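Data first, discussion second: the structure below is written as structure tokens.
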2 protein chains.
Amino acid sequence: MKSIVIKSGRSQDVQFELENGAGSDAVHSTPIYAYALCRLDTDVHVEGVGMALTLGAGNKLVCGAIDYLVRHVVGREINELMAEFGVTYKKMADDPNLRWLGPHKGVVHLALASVVNACFDLWAKSRSQPLWKLLIELSPEALADTLDFSYFEDILPRQEAISLLKDEAQGRADRMGILKQGYPGYDTSIGWFNYTDEQVADNIRRSIDQGFGAIKLKVGSSNPDRDIRRAELVRHAAGPDATIMLDANQQWSLPKAIAICQQLQDINPYWIEEPTHPDDIQAHVTLSKEISIPIALGEHVPNKVLFKNFIQSGCMSFNQVDAVRVGGISEFLLISLLSRKYGIPVVPHVGDMGQIHQHLVLFNHIGLGHPALLLEYIPHLKGYFKYPAQVIGGKYLTPQEPGLSSDFKDYVLEKKALSY
Amino acid sequence: MKSIVIKSGRSQDVQFELENGAGSDAVHSTPIYAYALCRLDTDVHVEGVGMALTLGAGNKLVCGAIDYLVRHVVGREINELMAEFGVTYKKMADDPNLRWLGPHKGVVHLALASVVNACFDLWAKSRSQPLWKLLIELSPEALADTLDFSYFEDILPRQEAISLLKDEAQGRADRMGILKQGYPGYDTSIGWFNYTDEQVADNIRRSIDQGFGAIKLKVGSSNPDRDIRRAELVRHAAGPDATIMLDANQQWSLPKAIAICQQLQDINPYWIEEPTHPDDIQAHVTLSKEISIPIALGEHVPNKVLFKNFIQSGCMSFNQVDAVRVGGISEFLLISLLSRKYGIPVVPHVGDMGQIHQHLVLFNHIGLGHPALLLEYIPHLKGYFKYPAQVIGGKYLTPQEPGLSSDFKDYVLEKKALSY
């Protein structure tokens, strides 16, 4: 465990164009994937790199907020910082100048995610450990010290979180087996919104050949018949045993969601993802009572307080919290703890292309006793990462490099231009 | 009604330092009030000016988003634009590049507020009408055309909103009397967080002398005894008949809120404002069942969907929607309509120092039949506005100048520096 002092911190705006309709959904026809990076320079030859995802134009706004927030960690020794990270997290989340712009949501919260993730990256690198290993070796108290329990006093106070972690020690040795087996992935890339029927059918064959047993189709078309036709096509091509997720990207009103989901039930989907507006807890509650398809959501839920409300409401069957949307790994862990208390599996959305989440789902399974269900697999940016996630036979291989696996190749970071 | 084409649009960052503890609350000890302005230039000698409030450092982020969003209205003729403004509103709110950064919250939504407000300002100026007059003269259908009913299909579809507006035609002539009487104000400036007991007592005397019957005290101290002592002092100084609001600025956990509010009940407050985190609907529901003080909230509720959920939940006694927090006047009106349907009075938070809201509460009363309760009065920036709100004898005089009254004096806009 080296002493490493953060000498300076800065944002960096990196953007990637996607090709041939990849990444398209009911909201985004020609997406750019962009990262607002937080880079922490130190007094030794190691750098912390954190990220938040955006879809292009607004990336520089998130970078602006990173450059402001990062002052809270500059000058700190990383191990001392992380020994009471919950305190610094709260200071950043409640920074009096930026809090008004949220609180705890939107641009400033994405920026917080990037700064928080950079701190965790540097911490893991300072111990020469991949994130998953660092997290499972922390004591329950040390893990709790990285979290900010504000507004969780009524539902998961610190002491209860520690007890939960201690209770989950049982069975932990068995769950370590996942490290050798690999964590099951699911393939998001068979059914982007703009793909033709032929592309989708080809992709399903390729996906099954590669070992995936679970695939996702984008729905949420202005023409419900298109959604239903494509869903039937996917079920037909993938066979009766395949796990098929449907993702509506928030396009339906509640009455529309009820009507269309009642038809989509026939293809026996594993879940319907983001059926309506991501803030509309009551609409999800009503929908969950009207349909038999389980609801997955969380990609756009900004913070622990709204997750708490969704979890309490009983409408959420799968928790898709994303560590590059909420306030980074710290808030992700707190939400995972609450989700465990309520027995709701965490199946993260991977704004990071799975690079960080491959670590987090291993911890969730081993340390918290969450089931090892599935992790989304999106390989679009594989070529740009220094240690891209390795998915073989439909399974994520356990990453071994120190940190969060969120380093980009040098040429990506050296490039001056905003886009590639 | 002149034809006016929007030739260009741009943001402007204006910031004001406050003096001697004014504006301080449990979150902000030394606040700056800043406006991210949207300025719409036209082909004639008239300008549309919209605003969103921030507290300083992040103001330039909102300005960045305004400069991006404003492209949706540049080139449009103002009357044609406003004849179907709901459509353009939705395009801006769902702009594929910026939507990810919300959706409908945080920096991008504040920017939307500023652009939307600039359009309404220009529209009212093009008709040489103050906003309140324009709004009460619109037909129910024309008013509905300025609104985006997405995600309100299950609770207030367009046709129901039009029916509600038509039903409220009854009694309208009587309610016009408010234009002559003036709209009652309440005084927020007696009890800022950093004020001493002596300052508070002096301010109460001054306030009552000026004709205010309603005053607000900031609570939410880390020391509950301070809150209770100050609340008792205010009740003692103001007398048994004064209306006293308490504002906790989100500082309490749910258990703390329950415990402290049960003690504060003794001074018979009119409301407790923002007792806990503004996203925590369930905590507000629980609190509302445990205490007898009515709950006021909305200052930090970002959009119509979360307002819908708060309204449905039954915990909100006073709706404090702010047209410079939600997506401008358009979303404010939609939320006011829903609030009317549920019988919840609208008592706006005035991020605009009441300049725009003095128009909106007149419309809410005359056009929607909301009770004419109270409008917050904060005179800090009076000297900078071209037509500052006139409050005499505790009442807002009806504004007569065309537009939203959100124009600043020329020297404010000409100044190049960010702060004054």
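Brief remarks follow.
- Residue match in the stretch B:37-52 (condition: part of a strand (DSSP E or B), more than 18 Å from B:I356 (Cα to Cα) and assigned by TED's automatic domain parsing to the domain that holds B:N117): yes
- For the stretch B:86-108, taking the residues that are within 12 Å of chain A (Cβ to nearest Cβ) and part of a helix (DSSP H, G or I), the one that is surrounded by the fewest Cβ atoms within 10 Å (Cβ to Cβ) is identified as B:R99.
- Only one of the numbered conditions (1) within 14 Å of chain A (Cβ to nearest Cβ); (2) not in a helix (DSSP H, G or I); (3) not hydrophobic (A, V, I, L, M, F, W, C) is not met by B:S128, and that is (1).
- Residue match in the stretch A:39-57 (condition: on the phi > 0 side of the Ramachandran plot and within 7 Å of chain B (Cβ to nearest Cβ)): yes
- Here the stretch A:361-420 is the region considered, the condition is being under 17 Å from the mean Cα position of the chain (by Cα) and acidic (D, E), and the residue that is surrounded by the most Cβ atoms within 10 Å (Cβ to Cβ) is A:E376.
- Residues of the stretch A:291-313 classified as farther than 20 Å from A:M245 by Cα and in a loop (DSSP other than H, G, I, E, B), total: 2
- One residue alone among B:F307, B:F332 is within 11 Å of chain A (Cβ to nearest Cβ) and more than 30 Å from B:I228 (Cβ to Cβ), and that residue is B:F307.
- Residue within the stretch A:263-275 that is farther than 26 Å from A:A124 by Cα, modelled with pLDDT of 95 or more and of a type in the set (V, I, T) present: yes
- Matching residues in the stretch A:7-36 - criterion: being in a strand (DSSP E or B) and of a type in the set (A, V, I, L, M, F, W, C): A:V14, A:F16, A:I32, A:A34, A:A36
- Flag if B:Y183 is crowded, with 20+ Cβ neighbours inside 10 Å and farther than 18 Å from B:M245 by Cβ: no
- Filter result for A:Y68 (within 14 Å of another protein chain (Cβ to nearest Cβ), part of a strand (DSSP E or B) and modelled with pLDDT of 95 or more): no
- So A:L287, is it hydrophobic (A, V, I, L, M, F, W, C) and closer than 21 Å to B:P278 by Cα: no
- Exactly one residue out of B:A111, B:A118 is within 14 Å of another protein chain (Cβ to nearest Cβ), over 19 Å from B:K308 (Cα atoms) and in contact (Cβ under 8 Å) with a residue 60 or more places away in the chain: that is B:A111.
- When A:V324 is tested against (1) in contact with a strand residue (DSSP E or B) (Cβ under 6 Å, 6 or more places away or on another chain); (2) more than 14 Å from A:A52 (Cβ to Cβ); (3) within 13 Å of another protein chain (Cβ to nearest Cβ), exactly one condition is not met: (2).
- Residue list for the stretch B:121-170, restricted to those being touching a residue at least 24 places away in the same chain (Cβ under 8 Å), among the hydroxyl-bearing types (S, T, Y) and farther than 19 Å from B:K308 by Cβ: B:S126, B:S128
- Where B:D174 falls short, out of the listed (1) charged (D, E, K, R); (2) buried (at least 19 other Cβ atoms within 10 Å of the Cβ); (3) more than 23 Å from B:V321 (Cβ to Cβ): (2)
- Residues that are outside any loop (DSSP other than H, G, I, E, B), of a type in the set (D, E, K, R) and at the interface with chain B (Cβ under 10 Å from one of its Cβ atoms) within the stretch A:247-288 comprise just one, A:K256.
- The single residue among B:G298, B:G328, B:G314, B:G351 that is touching a residue at least 60 places away in the same chain (Cβ under 8 Å) and within 24 Å of A:P278 (Cβ to Cβ) turns out to be B:G328.
- Filter pass, A:F152 being within 14 Å of another protein chain (Cβ to nearest Cβ) and under 29 Å from A:G393 (Cβ atoms): no
- Subset tally (residues that are among the aliphatic types (A, V, I, L, M) and in contact with a Gly (Cβ under 7 Å, 6 or more places away or on another chain)) for the stretch B:286-323: 1
- B:K133 more than 14 Å from chain A (Cβ to nearest Cβ), at pLDDT 95 or above and farther than 28 Å from B:Q159 by Cβ: no
- Members of the stretch A:218-236 that are crowded, with 20+ Cβ neighbours inside 10 Å and either among the aliphatic types (A, V, I, L, M) or within 14 Å of chain B (Cβ to nearest Cβ) (or both): A:V219, A:G220, A:A231, A:V234
- Qualifying residue in the stretch A:157-167 (condition: surrounded by 21 or more Cβ atoms within 10 Å (Cβ to Cβ) and outside the structural domain of A:M82 (by TED's automatic domain parsing)): yes
- Those residues of the stretch B:323-353 which are part of a loop (DSSP other than H, G, I, E, B) and surrounded by 23 or more Cβ atoms within 10 Å (Cβ to Cβ), in sequence order: B:A323, B:V324, B:R325, B:V326, B:G327, B:V347, B:P348, B:H349, B:V350, B:G351, B:D352, B:M353
- Selection count, the stretch B:172-216, where residues are touching a residue at least 40 places away in the same chain (Cβ under 8 Å), more than 23 Å from B:N268 (Cβ to Cβ) and not in a helix (DSSP H, G or I): 4
The values are calculated or read from the model by the stated rules, or taken from the named source; none is laboratory data. The model shown is predicted, which means the values in this text are computed figures rather than measured ones. Note that each Cβ is placed from the backbone with ideal geometry, even for glycine, and that neighbours are counted across all protein chains shown.
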